[in-house]
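One structure below.
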Amino acid sequence: MKTSGGSDAMKRRAGESAAERVTDGDVVGLGTGSTTAHAIRRLGDRVDAGLDIRGVPTSFASRELATDRGIPLLDLDEAVGPDGPGIDLAIDGADQVATGGEGSEIPETGGALVKGGGAAHAREKLVDATADRFLVVVDPSKESPRLDRSVPVEVLPAGRTAVAAAVRETGGEPTLRRAERKDGPVVTDNGNLVLDCAFGELADPAALSTTLSAIPGVVEHGLFVGLADEIHVGTDSGVRVDEV
Ligand code: 5RP
């Protein structure tokens, strides 16, 4: 369920803007997706120029790109263990961002996200939630007063039918995500499956987040509520940065 309305130039402006927030000595969570890839490439250029950082990847794809760009890496366990340095900031994309405010009945949900278009949301949430600051990088096509995209739900393979039934009971319509260049379903980096769950417009993302997390067999879902600190929106002419 990859989304892509905005141009690559907009994504690049957003990604590079967030990469400029990184300073010497930082441990940086490296999200997944085409917008974050611009941030990783920019960080690679800065490492070449002498910046001293370590990245914590959120997926096979972000690990591969960061390695290719010469960014030294840490595992999440090393970063957050008792003697670990922690994670100073995470940079990650989103499939939809609630702008809240005007047009929204619930302005306090501004900054809530739907993620998981690349099926990496379980590790992304671990890293993004652990970071001291979480910077979201998007183009304007991702912004909406209220969230209404399908919510990706990573499930244990043995639990997919039971989880699908529980999602229907909460008013959602689950669809097993199918692979594009392989027969059968998408299998995540964790060996699980993804149900894309349509709920229509989300009246209360925080409540839905709690409900989905409580379903046995759910590994993680793509609603990120109350996690974002800054939204970097790449536009035609520059970047808008919203503090959440
Ligand atoms: C991956 C994600 C991505 O961050 C999200 O899909 C946005 O990707 P892109 O920047 O390519 O539009 O959540 O699981």
Restricting to region 124-159, give me the number of residues that are more than 22 Å from residue 198 (Cα to Cα), near the ligand (Cβ under 9 Å from one of its atoms) and of a type outside the set (Val, Ile, Thr). 1
Matching residues in region 84-103 - criterion: being open to solvent by 20 Å² or more (accessible area, probe 1.4 Å) and modelled with pLDDT under 95: 99, 101, 102, 103
Checking 160, 146 in turn, the sole residue that is part of a helix (DSSP H, G or I) and surrounded by fewer than 24 Cβ atoms within 10 Å (Cβ to Cβ) turns out to be 160
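Report, by residue number, each residue of region 38-59 that is in a helix (DSSP H, G or I), away from the ligand (no atom under 12 Å from the Cβ) and open to solvent by less than 60 Å² (accessible area, probe 1.4 Å). Outline the logic, then answer.
Filtering region 38-59 down to residues in a helix (DSSP H, G or I) leaves 38-48.
So of that shortlist, the ones also away from the ligand (no atom under 12 Å from the Cβ) come out as 41-48.
Within region 38-59, 43, 44, 46, 47 meet the criteria.
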Is it fair to say residue 66 is touching a residue at least 60 places away in the same chain (Cβ under 8 Å), outside the structural domain of residue 196 (by TED's automatic domain parsing), open to solvent by less than 80 Å² (accessible area, probe 1.4 Å) and not aromatic (Phe, Trp, Tyr)? no
Considering only residues that are under 18 Å from the mean Cα position of the chain (by Cα) and surrounded by 18 or more Cβ atoms within 10 Å (Cβ to Cβ), look in region 203-218 and name the one that is farthest from residue 146 (Cα to Cα). 218
Would you please name the residue that is modelled with the lowest pLDDT, looking only at residues in region 1-17 that are among the small types (Gly, Ala, Ser) and within 12 Å of the ligand (Cβ to nearest atom)? 4
For residue 27, work out the one condition from (1) within 12 Å of the ligand (Cβ to nearest atom); (2) open to solvent by less than 20 Å² (accessible area, probe 1.4 Å) it doesn't fulfil. (1)
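Just name the residue that is farthest from the ligand (Cβ to nearest atom) out of those in region 219-237 that are open to solvent by 20 Å² or more (accessible area, probe 1.4 Å) and part of a loop (DSSP other than H, G, I, E, B). Before you say what the answer is, go through the steps one by one.
Going residue by residue through region 219-237, those that are open to solvent by 20 Å² or more (accessible area, probe 1.4 Å) are 219-220, 225-227, 229, 235-237.
Adding the requirement that they be part of a loop (DSSP other than H, G, I, E, B) leaves 225-227, 229, 235-237.
Details: 225: 14, 226: 17, 227: 12, 229: 16, 235: 15, 236: 17, 237: 20 Å.
Looking at residues that are open to solvent by 20 Å² or more (accessible area, probe 1.4 Å) and part of a loop (DSSP other than H, G, I, E, B), I get 237.
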In region 186-202, which residue that is in contact with a Lys or Arg (Cβ under 6 Å, 6 or more places away or on another chain) and within 14 Å of the ligand (Cβ to nearest atom) is least open to solvent (accessible area, probe 1.4 Å)? 194
Output for Cβ contacts, cut-off 8 Å, separation at least six or different chains, first residue in contact (Cβ under 8 Å) with a residue 40 or more places away in the chain and over 15 Å from residue 219 (Cβ atoms) in region 142-165, second charged (D, E, K, R) and open to solvent by 10 Å² or more (accessible area, probe 1.4 Å), reads 142/95; 145/102; 146/105; 146/201; 147/201; 148/201; 149/95; 150/196
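Just wondering, is there one or more residues in region 6-25 that are part of a loop (DSSP other than H, G, I, E, B) and farther than 28 Å from residue 84 by Cβ?
At the first step, the residues of region 6-25 found to be part of a loop (DSSP other than H, G, I, E, B) are 6-7, 20-25.
Checking the rest, the ones that are also farther than 28 Å from residue 84 by Cβ come to 6-7.
Checked region 6-25: at least one residue is part of a loop (DSSP other than H, G, I, E, B) and farther than 28 Å from residue 84 by Cβ.
The values are calculated or read from the model by the stated rules, or taken from the named source; none is laboratory data. Because the structure is predicted, anything quoted here is derived from the model rather than measured. Counting neighbours? That spans all protein chains shown, and the Cβs are built from the backbone with ideal geometry, glycine included. Calculation scope for accessible area: heavy atoms of the full protein, side chains included, ligands and nucleic acids excluded. Shrake-Rupley method; radii C 1.70, N 1.55, O 1.52, S 1.80 Å.
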